[in-house]
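The values are calculated or read from the model by the stated rules, or taken from the named source; none is laboratory data. For clarity, every value in this text was computed on a predicted model and none was experimentally measured. Cβ sites come from the backbone with ideal geometry, for glycine too, and all protein chains shown count toward neighbours.
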Amino acid sequence: MKRNSLIPLPLDIFLKNIYGNILLNKSGKTADYIPELSRVNPNQFGIALASSDGYIHEIGDSLQEFTIQSISKAFAYSLALELVGEKEVNKIIGVEPSGEAFNSIRFQNDNRPFNPMINAGAIACTALICSIEKSKAFKKIQKIMSDFAGRNLSLDEKVFKSENATGDRNRAIAWLLKNNKIIKTNVEQSLVTYFKQCSLLVSARDLATMGATLACNGINPVTKKRVISVENALKTMSIMVSSGMYDYSGEWVYRVGFPAKSGVGGGIIAALPSQFGLGTFSPPLDRQGNSVRGIEVCKRISSYYNLHILEIEGNIKDSIVASYNLQNIRSSTERKEKNIKILEKFGAKAHVYELAGSINFMSVDYIVRRLQELDEKEFIILSMRKVSQLSSGADKLLDAFIQTLNSLSTKIIFSDIEFNSQTWNKIFGSLGNMEDNKTRLFENNNEAIRWVEDFLIQKYSTDEKVNINENLKEQFLFKALSNSDLDFLKERMIEKKFKKNVKIISKGDEADGIYFLQSGKVDIAINLQKSLTTLNAGTCFGEFALIEPKSKRSANVITLTECTCFYLPLKILDSIQQSRKKIIETLLKNLALLLIKRLKDCNSIINNILDR
Ligand code: GLU
């Protein structure tokens with residue numbers, strides 16, 4: 001994507017500042033219990049942050065590869081969950097923080113390892129994968145981790161061999177697990193697979209993308225590929241919150257407060273749900289085995305931007321951005337005065353709430369409470385145009401609300417629904433078949449309001465023949481015209497009949513006359529997709545020609561039903577004798593009044609929307 005590099009990104013500036021500052025911290029010691037790890041250059045330092053839309057901010061040695069080590073445990077765990085489900089995994093590995101070092105040999109009272117983030121739990125987890133995938137186990141782990149990273153991760157043979165040759169403590173743990181019947185497969189194969197998974201090469205950038213994949217509920221935001229299920233992403237992050245940072249985990253939640261996992265190779269991965277993934281690399285470790293600089297990066301980002309997962313911003317009241325009824329705000333449909341009067345009288349029977357932002361469980365509760373405060377309504381319209389997300393808790397509460405409405409006489413309408421978008425399919429899919437008697441969906445709010453208006457007019461009109469050949473006298477433009485003048489015009493107008501879906505006027509045509517709609521409905525549209533207004537019988541179109549003769553028509557007019565019109569050619573008006581000049585004066589005055597009325601309607605809409 002093309003970017004304007006002259007506009008600096010504040011997050012890049014922040015990362016650059018903390019990078020320079022933290023680089024000065026030379027404390028800590030590289031891991032040496034795996035001989036090959038002690039050979040890395042301790043000065044390397046890289047930070048990468050992948051946003052949930054797949055943009056990477058990075059600085060320093062963010063592309064430098066190193067072995068993933070313990071960070072792999074989170075991903076092997078997610079693979080085990082995908083393969084056999086949480087229940088099976090839980091039979092052999094717990095979910096409790098151990099409060100002990102990563103290589104602790106202590107187990108829970110039931111002989112299970114405390115959790116999958118310490119070596120015992122991780123080896124049990126890899127052994128479980130081996131028991132299912134047999135000789136393909138390592139390839140499977142490598143594949144899922146590559147999918148998380150969005151590129152093929154390779155193996156550091158030297159580190160693998162080094163650990164395989166010296167990992168006696170892990171061997172001891174594995175044999176104890178076998179003794180405890182936690183490992184039921186070949187111990188050596190499980191260990192080799194585990195050492196290999198720890199020796200996969202990643203960069204800080206890879207870790208950032210892997211973290212962002214967890215943060216995006218299992219979808220890699222760069223490749224857009226789903227790697228694991230939503231539930232398994234959530235479970236993996238939960239364990240990272242409680243046990244990801246060895247025996248520093250409690251402090252970690254307290255001070256930093258987002259899911260993370262570190263590895264003795266010097267990497268740290270973190271994920272802030274729905275926002276970003278973070279990867280850091282700096283080999284010197286503190287006493288607990290966590291990268292000194294990596295911890296500092298996470299602490300600074302979290303505290304400066306207040307990113308603790310428990311620090312939730314937003315107010316449920318912001319979920320309603322506009323609230324009005326149809327007494328004072330209406331669709332862009334032109335209606336004759338009689339019908340406008342009906343809407344002015346009965347419009348309050350329909351109420352519109354425009355909703356916005358990320359709607360959660362409590363926002364729905366708030367919206368429903370606001371609805372409760374209204375007098376009894378025939379219609380409630382909820383516009384979803386500005387809604388970015390509906391949480392599943394919100395979804396359930398909304399569903400229950402719709403069910404309760406079924407026993408009342410209120411009809412609920414959702415408008416501004418993008419029918420094909422993933423979000424709405426998910427929501428309305430789970431809300432069941434919405435298009436029943438009580439609920440209706442509209443792609444746009446104007447259409448929803450128009451539909452309700454038509455309903456109210458039908459219901460409350462005392463006029464029996466709605467929409468059948470209107471009386472010309474009731475046309476707004478002919479108001480105050482004498483009977484003889486009206487007859488004079490009538491004789492000169494041409495009656496035209498149109499079928500459904502016919503274009504009466506095309507944008508760009510020369511404006512040569514005015515149409516008076518006597519029966520049926522037409523749409524005024526700039527293009528075929530977007531209707532500006534619907535006109536009902538008793539109104540006119542093409543009236544601007546009166547002010548600007550010979551100008552170009554500014555929109556298309558298309559029939560929505562069969563229609564009858566009286567067409568008044570402008571040349572008739574041109575040829576009017578002096579004695580009839582009053583006709584033109586009246587028409588122009590009426591047109592001015594009509595335009596003022598439209599302007600007032602627009603002002604009222606703006607005013608009411610602002611006043612929520
Ligand atoms: N391969 C390492 C081990 O099992 C990983 C340890 C770690 O990164 O915490 O000892």
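From Ser242, Ser249, Ser190, Ser274, which residue is part of a helix (DSSP H, G or I) and under 30 Å from the mean Cα position of the chain (by Cα)?
Checking each option against the conditions leaves just Ser242.
In this structure, is Leu83 surrounded by fewer than 24 Cβ atoms within 10 Å (Cβ to Cβ) and either without any contact (Cβ under 8 Å) to a residue 24 or more places away in the chain or touching a helix residue (DSSP H, G or I) at 6+ places or on another chain (Cβ under 9 Å) (or both)?
When the stated conditions are applied, Leu83 passes them.
Across segment 147-175, which residue is farthest from Thr236 (Cα to Cα) among those that are more than 12 Å from the ligand (Cβ to nearest atom) and crowded, with 18+ Cβ neighbours inside 10 Å?
Ranking the qualifying residues of segment 147-175, first place goes to Leu153.
For the structure I just gave you, tell me whether Val202 is in contact (Cβ under 8 Å) with a residue 60 or more places away in the chain, touching a Gly at 6+ places or on another chain (Cβ under 8 Å), over 19 Å from Val40 (Cβ atoms) and among the aliphatic types (A, V, I, L, M).
Criteria not met by Val202.
Suppose we filter Asn420, Asn425 for residues that are assigned to a loop (DSSP other than H, G, I, E, B), at pLDDT below 90, over 30 Å from Leu570 (Cβ atoms) and of a type outside the set (Gly, Ala, Ser); which single one remains?
Of Asn420, Asn425, the one residue that is assigned to a loop (DSSP other than H, G, I, E, B), at pLDDT below 90, over 30 Å from Leu570 (Cβ atoms) and of a type outside the set (Gly, Ala, Ser) is Asn420.
Any chance segment 28-38 includes a residue that's among the aromatic types (Phe, Trp, Tyr) and away from the ligand (no atom under 16 Å from the Cβ)?
no
For every residue, the table says whether it meets (1) under 40 Å from the mean Cα position of the chain (by Cα); (2) not in a loop (DSSP other than H, G, I, E, B).
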| residue | (1), (2) |
| --- | --- |
| Glu495 | no, yes |
| Lys500 | yes, no |
| Leu517 | no, yes |
| Thr534 | yes, yes |
| Pro549 | no, no |
| Ser554 | yes, no |
| Cys565 | no, yes |
| Ile572 | no, yes |
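Which residues, counting only those in segment 77-130, are among the acidic types (Asp, Glu) and in contact with a Lys or Arg (Cβ under 7 Å, 6 or more places away or on another chain)?
Glu86, Glu100
Of everything in segment 226-268 that's within 27 Å of Asp61 (Cβ to Cβ) and among the basic types (Lys, Arg), which residue is farthest from the ligand (Cβ to nearest atom)?
For segment 226-268, the residue satisfying everything is Arg255.
Which numbered condition trips up Glu188, out of (1) away from the ligand (no atom under 15 Å from the Cβ); (2) crowded, with 16+ Cβ neighbours inside 10 Å; (3) over 30 Å from Ser391 (Cβ atoms)?
Among (1) away from the ligand (no atom under 15 Å from the Cβ); (2) crowded, with 16+ Cβ neighbours inside 10 Å; (3) over 30 Å from Ser391 (Cβ atoms), the lone unmet condition for Glu188 is (2).
Could we say that Gly538 is modelled with pLDDT of 90 or more, in a loop (DSSP other than H, G, I, E, B) and among the small types (Gly, Ala, Ser) here?
no
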